[in-house]
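Novice: Pasting a structure here, questions to come.
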Amino acid sequence: MAGKGAGDGDRTRVHRFTVGDLSCAVVSDGQLDPPWDPPLADFFSPASGVPEQELRDAVAEEGQGRATLTCGYNCLCVETPAGLAVIDTGLGRGFLGYGPDIAPLVGGFTGGLTEAGFPTSEPAAVVFTHLHEDHARGAVWSGEPSFPDAIPLAHAAEVAFWSDAACSAPPEQRRPAREAIRLFGERLRGFEYDAEILPHVHTVDAAGHTPGHSAFLLRSRGERLLCVGDTFYDRLQLAHLAWRTPWDLDAGRSVLSRRRLVERAADENLLVHAYHMPFPGLGRIERRGDRFGWRPVPPSSS
Ligand SMILES: [Zn+2]
């Protein structure tokens, strides 16, 4: 580390690619390598239904002996005929929620977007898989919308859930979600599943992680990409679809959604974008017996 902050150059990461006629990029908000490499046991714990021994066995079976999860924050950008759309916006700058050690590692999205080479770095739409702060804070971190011309879009049930005075989610999730909703104000639009919210961008039911958690299918000229948000965090979860995390608010429904989306991605050989997989979070899912595996695209060197 040269002591540079996120977005100052050394940590900005951009991966350009296309889906049919659509120009796309994954722009990293930060890639958490050491010193902040969260333990796998934080994600898959007895409290979230994964016994310690089952996690140890799964890691041993994988053969890599790792104990930590390489957590990416992969924001997906798509140039649609209606303008540039961004799907999820990272944690933003000055983030102290997980402790100061993470703050210099994230917040690179806005800088990365200007370097991504789109005709404009002013999105016409910011679309959210859900309103957890690691997806939405990047759009409001300064206390006002980071992209003032963009229309914010989230599932109607997601907005309703966090807005409800009786919302049952933990306060550390509720507070930033409500703050984002407040700052978006009247501009925030709710969508439903199975809708084309922008040209070539279709919503897909991924509920469970949160009540309005959404996947998105990009389609152009016979090519397709499925953006799955927080449907899974790690490749271990593809081999263990019933594993949930402490952040899956409706655990049963999250498992059903994970299975449905993972089976579809494998059976239809879809290019998959997974927000928290190592940068750029793109890959294909393949059946391995009665389990599933992750094949990164482009292939990872590790
Ligand atoms: Zn997340």
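Novice: Can you compute 3J(HN,Hα) from phi for each residue in the range 52-67, using the Karplus curve 6.51 cos²θ - 1.76 cosθ + 1.60 with θ = phi - 60°, rounded to whole Hz and x for Gly and Pro?
Specialist: Couplings: 3, 5, 5, 5, 4, 4, 5, 5, 4, 5, 5, x, 10, x, 7, 10 Hz.
Novice: Follow-up. In the range 205-246, which residues have a backbone nitrogen under 14 Å from the label point lying 7 Å from Asp21's Cα in the Cα-to-Cβ direction?
Specialist: 219-223
Novice: When Lys and Arg each count +1 and Asp and Glu each count -1, what net charge do the other residues less than 12 Å away from Leu84, Cβ to Cβ, add up to?
Specialist: On the way: positive: none; negative: Glu79, Glu122, Asp149.
Net of charged neighbours comes to -3.
Novice: Classify the range 79-125: rounded, prolate or oblate, from the alpha-carbon gyration tensor (a ≥ b ≥ c, eigenvalue square roots; a/c under 1.5 rounded; otherwise prolate if a/b is larger than b/c)? Don't skip to the answer; put the middle values down first.
Specialist: On the way: a/c = 4.46, a/b = 2.47, b/c = 1.81.
Prolate, since a/c reaches 1.5 and a/b exceeds b/c.
Novice: Could you give the distance between the Cα centres of the range 183-231 and the range 244-271, to the whole Å?
Specialist: 15
Novice: Further, regarding this structure: Take the Cβ-Cβ distance between Glu52 and Tyr193 as r, set R0 to 45 Å, and report the resulting FRET efficiency rounded to the nearest 0.05.
Specialist: Working: r = 36 Å, r/R0 = 0.80.
Between Glu52 and Tyr193 the formula returns 0.80.
Novice: Please compute the contact order of the chain in relative form: average sequence separation of alpha-carbon pairs under 8 Å and at least six residues apart, divided by the residue count, as a percent.
Specialist: Numbers: 673 pairs, mean separation 53.8, N = 302.
Here the relative contact order equals 18 percent.
Novice: While we're on this one: For Thr114 and Glu62, compute 0.36 nm times the residue count separating them, minus their Cα-Cα distance, and round to one decimal in nm.
Specialist: Details: separation 52, 0.36 × 52 = 18.72 nm, distance 3.84 nm.
That pair, Thr114 and Glu62, stretches by 14.9 nm at full extension.
Novice: Among rounded, prolate and oblate, which fits the range 52-130 when a ≥ b ≥ c are the square roots of the eigenvalues of its C-alpha gyration tensor, a/c under 1.5 means rounded, and a/b larger than b/c means prolate? Don't skip to the answer; put the middle values down first.
Specialist: Values: a/c = 2.97, a/b = 1.94, b/c = 1.53.
Because a/c hits 1.5 or more and a/b exceeds b/c, the range 52-130 counts as prolate.
Novice: Run through the DSSP bridge list for the chain and note the antiparallel percent, rounded to the nearest 5.
Specialist: Working: 40 of 52 bridges.
Once the DSSP bridges in the chain are tallied, antiparallel ones form about 75 percent.
Novice: Per-residue ellipticity at 222 nm for the chain, helices alone: DSSP H runs ≥ 4 residues times -39500 (n - 2.57), over residue total, nearest 500 deg cm²/dmol?
Specialist: Result for the chain: -6500 deg cm²/dmol, rounded to the nearest 500.
Novice: If we count every other residue with Cβ under 15 angstrom of Ile197's Cβ, Lys/Arg +1 and Asp/Glu -1, where does the sum land?
Specialist: Numbers: positive: Arg187, Arg189, Arg219; negative: Asp88, Glu158, Glu192, Asp194, Glu196, Asp205.
Charge balance near Ile197 sits at -3.
Novice: Using a 10 Å cut-off on Cβ atoms, rank the peptides 229-235, 259-265 from the highest mean neighbour count down.
Specialist: Values: 229-235: 24.7, 259-265: 18.6.
For the peptides 229-235, 259-265, the packing ranking is 229-235, 259-265.
Novice: Further question: Starting with the highest mean, order 76-83, 284-291, 139-146 by the number of other Cβ atoms within 10 Å, averaged over the residues of each peptide.
Specialist: Details: 76-83: 19.5, 284-291: 13.1, 139-146: 17.1.
Answer by packing, highest mean first, reads 76-83, 139-146, 284-291.
Novice: Taking a ≥ b ≥ c as the square roots of the eigenvalues of the Cα gyration tensor of the range 2-296, is the shape rounded (a/c under 1.5), prolate (a/b larger than b/c) or oblate?
Specialist: Working: a/c = 1.28, a/b = 1.21, b/c = 1.06.
Note, shape of the range 2-296 comes out rounded.
No value in this document is a laboratory result; all are computed from the given coordinates. Here the structure is a predicted model, which is why all the values come from computation and not from measurement. Here Cβ is always computed from backbone atoms with ideal geometry, including for glycine, and neighbour counts include all displayed protein chains.
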